[in-house]
Amino acid sequence: MSEVTAQQRSGTQSVERAMAVLRCFEKAEQLTPTAVATQLGLTVSTAHRIMRALHAADALAQDPATDRYFLGPTTAILGRLALERMGTTVMHPVLTALRDRTGEAVSLGTRVGDEVAVLVQIPSPHPLRYDQEPGARNPIHVCAMGKALLAHGTEPATMPEPFQRHTPSTITTHAELAEELARIRERGYALNDEERLVGVRAVAAPVHDQTGHVIAAVVVQGPTVRFGDGRIDELAAAVTDTARELSSLYRTSGG
């Protein structure tokens, strides 16, 4: 291996490890280097070195009383700018209107590899509801947003078979997924029929940019007791109307 190639590979590994460390904070508010090392399979010294470098760049901050690390101001600023530039700020009223129209929880998400990352969540006013906090990630094959993004996007899912099963209704093969995506394209919306969580259904539709490229998906989700077969057409109409409005808004806002 040449010296240049070795340096390039080392640099890539450093970036990948730094991103992996930052992603540990998606589900934990504060972490120690030991906790991060355990989660990622690193040595404590390696985790500590990476976290110190991120701290120096203000991507992480540190509580002086506990020495625990948490997300820093640089991460917050970049995250806010990313959301604004994706148009989520101007989309928020439209998403709220969908929540008010249906009475159900609404989310906006985008694809990250073979997962869907939640960008915005508008909670339902009902005590019995299904919430997804911003930053949450779902496997692409078991959520309505993921299937909407796959059905109308150009990049296929890359998970090896069998796909991870979450419930008896989970799709586990590429052939089954292809059949489902064809149905989604035909009817114009995606349905998650208790495929990730028993007792939860969801209806989603894709959001397009000015070139027609799929950039996100919008979804309404809730308990099956309120998402019966007799209500799916109503929810699908509301979601697809909102997806069209969001697509138009994204184009006119310069997103």
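On average, how much area does the Cα convex hull of region 188-255 cover when viewed from any direction, in nm²?
If I average the Cα hull's projected area over directions, I get 4.7 nm².
Roughly speaking, what is the stretch gain from A35 to R183, that is 0.36 nm per residue apart minus the C-alpha to C-alpha distance, in nm to one decimal?
Residue separation times 0.36 nm, minus the Cα-Cα distance, leaves 48.9 nm.
Go through 53-59, 20-26 and give me the packing order, highest mean Cβ count within 10 Å leading.
Going from most to least packed, we get 20-26, 53-59.
Given an 8 Å cut-off on Cα distances and at least 6 residues of separation, report the relative contact order of the chain as a percent.
Normalised by residue count, the contact order of the chain is 15 percent.
Over the Cα atoms of region 57-199, how large are the radius of gyration and the largest Cα-Cα distance (Dmax), in Å?
17.7, 57
With a cap of 14 neighbouring Cβ atoms within 10 Å, and only residues DSSP puts in a loop, list the trypsin sites (Lys or Arg not before Pro) found in region 135-186.
Of the trypsin sites (Lys or Arg not before Pro), the ones in loops of region 135-186 whose Cβ has at most 14 other Cβ atoms within 10 Å are R165.
Of the trypsin sites (Lys or Arg not before Pro) in region 189-232, which ones lie in a loop per DSSP and count no more than 16 other C-beta atoms within 10 Å?
R226
Assuming R0 = 45 Å, can you tell me the calculated FRET efficiency for the pair D241 and R52, based on Cβ-Cβ distance, to the nearest 0.05?
Step by step, r from the Cβ atoms, then E = 0.35.
For region 141-245, just say rounded, prolate or oblate: build the C-alpha gyration tensor, square-root its eigenvalues into a ≥ b ≥ c, call rounded for a/c under 1.5, and beyond that prolate if a/b exceeds b/c, oblate if not.
In terms of gyration-tensor shape, oblate.
Does region 91-154 classify as rounded, prolate or oblate by the C-alpha gyration tensor (a ≥ b ≥ c root eigenvalues; a/c under 1.5 gives rounded; else a/b over b/c gives prolate, otherwise oblate)?
prolate
Mind checking the log10 I(q)/I(0) for the chain at q = 0.11, 0.13 Å⁻¹? Debye, one equal scatterer per Cα, no solvent, two decimals.
-0.69, -0.91
Apply the a/c threshold of 1.5 to the C-alpha gyration tensor of region 133-203 and tell me whether it is rounded, prolate or oblate.
rounded
Compare the peptides 12-19, 234-241 by average per-residue count of other Cβ atoms within 10 angstrom and give them in order, highest first.
So the order, starting with the most tightly packed, is 234-241, 12-19.
Full-extension gain between D233 and T89, please, as 0.36 nm times their residue separation minus the C-alpha to C-alpha distance.
49.0 nm
Any read-out appearing in this document is the output of simple, stated calculations on the displayed coordinates, not a laboratory observation. Everything numeric here is computed off the predicted structure, so don't read it as measured data. Glycine also receives a Cβ, built like all others from the backbone with ideal geometry; neighbour counts cover every protein chain displayed.
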